[in-house]
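Peer 1: Structure provided below as structure tokens; questions to follow.
The values are calculated or read from the model by the stated rules, or taken from the named source; none is laboratory data. Worth saying up front: this structure is predicted, and the values here are computed from it rather than measured. Every residue, glycine as well, gets a Cβ built from its backbone with ideal geometry; the counts of neighbours run over all protein chains shown. Heads up: the accessible areas ignore ligands, DNA and RNA and are worked out on the full protein's heavy atoms, side chains in. Shrake-Rupley method; radii C 1.70, N 1.55, O 1.52, S 1.80 Å.
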Amino acid sequence: MQLKLAELADFCLADIYDFAQVQGQEETKRIHEVIYKFGITDPIITEKITQHLQSKGCIAIVDTYTGGIDVRITPFGVTTVESGGLTGLIPQYRQEPWVFLAPQPYLSR
């Protein structure tokens, strides 16, 4: 299965949501650590995913520095995850993450 940018962004948002549920809504997460879980190390793709989630109002960028971006989930991001995500695939990702985490070519348009 080839993931589209919006699908991958949804799964990253779900992981940021899970982090916030455990650590607290005000805690930040390094976005590249979340995206790396999917085998992506390309900083351009990381930036595209970050921009996508920020433009939709799902995350807020808290700090940027060389080599990383710290983000926080927004109230809209929480609502988005709880309603299944922007693509509607979060429930399937939660039930069968191995389908999406298996080695694969990533990011079709």
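Peer 1: Filter segment 52-74 down to residues that are among the aliphatic types (A, V, I, L, M) and within 14 Å of the chain's Cα centre (by Cα) and give me whichever is most open to solvent (accessible area, probe 1.4 Å).
Peer 2: Out of the qualifying residues, it is 61.
Peer 1: If I filter segment 2-14 for residues that are within 12 Å of the chain's Cα centre (by Cα) and free of Cβ contacts under 8 Å to residues at least 24 places away in the same chain, do I get at least one hit?
Peer 2: No, there is no match, as no residue in segment 2-14 is within 12 Å of the chain's Cα centre (by Cα) and free of Cβ contacts under 8 Å to residues at least 24 places away in the same chain.
Peer 1: Residues in segment 42-74 that are touching a Gly at 6+ places or on another chain (Cβ under 6 Å) and free of Cβ contacts under 8 Å to residues at least 12 places away in the same chain: how many?
Peer 2: 0
Peer 1: Please determine, by comparing only the residues of segment 15-51 that are of a type in the set (D, E, K, R) and either outside any helix (DSSP H, G or I) or over 14 Å from residue 69 (Cβ atoms) (or both), which one is most open to solvent (accessible area, probe 1.4 Å).
Peer 2: Per the stated criteria, the residue is 26.
Peer 1: Restricting attention to segment 18-39, which residues are of a type in the set (A, V, I, L, M) and either free of Cβ contacts under 8 Å to residues at least 24 places away in the same chain or in contact with a helix residue (DSSP H, G or I) (Cβ under 7 Å, 6 or more places away or on another chain) (or both)?
Peer 2: Hits for segment 18-39 are 22, 31, 34, 35.
Peer 1: Please work out if residue 93 is open to solvent by less than 20 Å² (accessible area, probe 1.4 Å) and either aromatic (Phe, Trp, Tyr) or part of a strand (DSSP E or B) (or both). Give the derivation first.
Peer 2: Details: open to solvent by less than 20 Å² (accessible area, probe 1.4 Å): yes; either aromatic (Phe, Trp, Tyr) or part of a strand (DSSP E or B) (or both): yes.
It is true that residue 93 is open to solvent by less than 20 Å² (accessible area, probe 1.4 Å) and either aromatic (Phe, Trp, Tyr) or part of a strand (DSSP E or B) (or both).
Peer 1: Give the residue that is modelled with the lowest pLDDT, with candidates limited to residues of segment 54-76 that are outside any loop (DSSP other than H, G, I, E, B) and of a type in the set (Gly, Ala, Ser).
Peer 2: The residue in question is 68.
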